[in-house]
Amino acid sequence: MKKTVLLVCTLLTVVCLTSCGGGKKTAATETTEVEAATEAATVPEYTLLDLPVVDLASFPKDADGWITLFDGTTFNGWRGYGREDMPKRWTIDNGAIKMAGSGAGEAGAADGGDILFAGKFKNFEFEFEWKVAKGSNSGVFYMIQEVAGEPAYISAPEYQVLDNDNHPDAKLGENGNRQSASLYDMIPAKPQNAKPIGEWNKGKIMSYKGTIVHYQNGEAVLEYHLWTKQWTEMLQASKFSQEKWPLAFELLNNCGGVNKEGFVGFQDHGDDVWFRNIKIKILD
């Protein structure tokens with residue numbers, strides 16, 4: 001099933017403020033209305049996919065409330081982004097989920113692509129361990145909305161996973177905001193405490209009523225707040241700005257959609273990366 005959404009600016013509100021409020025229209029007011037109408041006409045339409053989700057109650061939960069999302073031996077509960085099966089490029093390697101690097105860039109391999117756990121989450125702590133090979137790039141997405149024909153990152157903030165020492169992306173962006181555990185292209189992870197290639201790092205993402213915290217190897221390395229003026233300003237200063245990428249801006253600015261929830265998942269950036277000890281705790 002697919003759900004099609006048309007993004008429309010609230011032009012009626014603008015008209016009501018000028019005509020219903022008893023004020024006199026000016027040339028500037030009329031220009032604003034025209035600009036609003038133009039913007040409404042040019043924001044793209046998109047289609048949300050409605051693919052199967054799992055029964056979370058069927059997954060093991062420990063005494064502290066942590067739900068195991070990956071059992072180390074099967075892909076139970078996992079599937080590809082925008083599809084109902086797992087891409088074959090992802091394998092299970094010694095108790096970890098592995099992306100077998102293709103060298104073909106982001107989602108460039110045959111039967112590759114991003115993956116997700118097929119359950120939606122709103123308020124949570126999400127823990128995982130990750131390691132990379134030399135020069136590898138990947139990411140952890142959260143609040144994913146599945147948008148037909150678009151990549152996962154068009155709607156989801158990204159916890160960057162990177163070989164900081166050898167991948168050139170570590171030196172791009174601003175102030176290290178593309179290094180590991182950063183909110184990709186927006187907020188750098190400080191302190192930057194990633195371990196070298198081949199060693200396991202512990203990551204955690206906390207989401208609670210719009211407050212997001214990234215952790216790396218036991219330390220909180222950044223915090224920000226969704227659905228705020230500051231969040232909008234960060235998006236406008238990034239590669240996801242309204243001018244550069246209007247659909248990404250709209251989806252990220254309204255992160256999580258109507259219900260403010262989404263999937264968690266991992267990125268295929270064409271490089272070797274491993275994830276293990278993947279679990280989540282629901283925060284009521």
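Taking the Cα centre of the range 137-216 as origin, work out the dipole magnitude from +1 charges on Lys and Arg Cβ and -1 charges on Asp and Glu Cβ, in debye rounded to 20.
Working: 7 positive and 9 negative charges, 80 e Å.
For this selection, approximately 380 debye.
Within 10 Å, count the other beta carbons around each residue, average over each peptide in 273-281, 250-258, and list them highest first.
Taking the mean over residues of other Cβ atoms within 10 Å, the ranking is 273-281, 250-258.
Across the range 121-243, how large is the tail of the calculated P(r) beyond 26 Å, expressed as a percent of all Cα pairs? Write out the running numbers ahead of the final one.
Working: 1219 of 7503 pairs.
Of all Cα-Cα distances in the range 121-243, 16 percent exceed 26 Å.
Which percent of Cα-Cα pairs in the range 236-284 sits in each 5 Å bin, short to long?
Per 5 Å bin, starting at 0, the Cα pair percentages come out as 5, 14, 15, 16, 19, 17, 12, 2.
Can you work out D for the range 44-150 in µm² s⁻¹ from Stokes-Einstein, where Rh is the Kirkwood radius over C-alpha pairs, the temperature is 37 °C and the viscosity is 0.692 mPa s? Don't jump to the answer; show the numbers that get you there.
Numbers: Rh = 15.5 Å.
Estimated via Stokes-Einstein, D reaches 212 µm²/s.
I'd like the accessible area for Leu49: 1.4 Å probe, protein heavy atoms, all chains in place, Å² to the nearest 10.
For Leu49, solvent-accessible area is about 40 Å².
Going by a ≥ b ≥ c, the root eigenvalues of the Cα gyration tensor, does the range 112-184 fall in the rounded group (a/c under 1.5), the prolate group (a/b larger than b/c) or the oblate group?
Cα axes put the range 112-184 in the prolate bin.
Can you give me the relative contact order of the range 76-156 as a percent, contacts being Cα pairs under 8 Å and 6 or more apart? Mind showing how you got there, number by number?
Numbers: 79 pairs, mean separation 22.3, N = 81.
The value is 27 percent.
How many angstrom lie between the Cα centre of the range 141-199 and the Cα centre of the range 200-246?
Going from one Cα centre to the other spans 10 Å.
What list of ³J(HN,Hα) couplings, whole Hz, do you get for the range 210-227 from phi and the Karplus terms 6.51, -1.76, 1.60, once you set θ to phi - 60° and write x for glycine and proline?
x, 7, 10, 10, 9, 10, 9, 6, x, 10, 6, 10, 6, 9, 8, 9, 5, 6
So what is the relative contact order for the range 193-269, in percent, with contacts set as C-alpha pairs under 8 Å and at least six apart?
On the way: 77 pairs, mean separation 12.2, N = 77.
With pairs under 8 Å counted, the relative contact order is 16 percent.
The values are calculated or read from the model by the stated rules, or taken from the named source; none is laboratory data. Bear in mind that the values here come from a model prediction, so they are computed numbers and not experimental data. Methodologically, a virtual Cβ is constructed for each residue, glycine included, from the backbone with ideal geometry; neighbour enumeration extends over all protein chains shown. All accessible areas refer to the heavy atoms of the entire protein, side chains included, with ligands and DNA or RNA removed. Shrake-Rupley method; radii C 1.70, N 1.55, O 1.52, S 1.80 Å.
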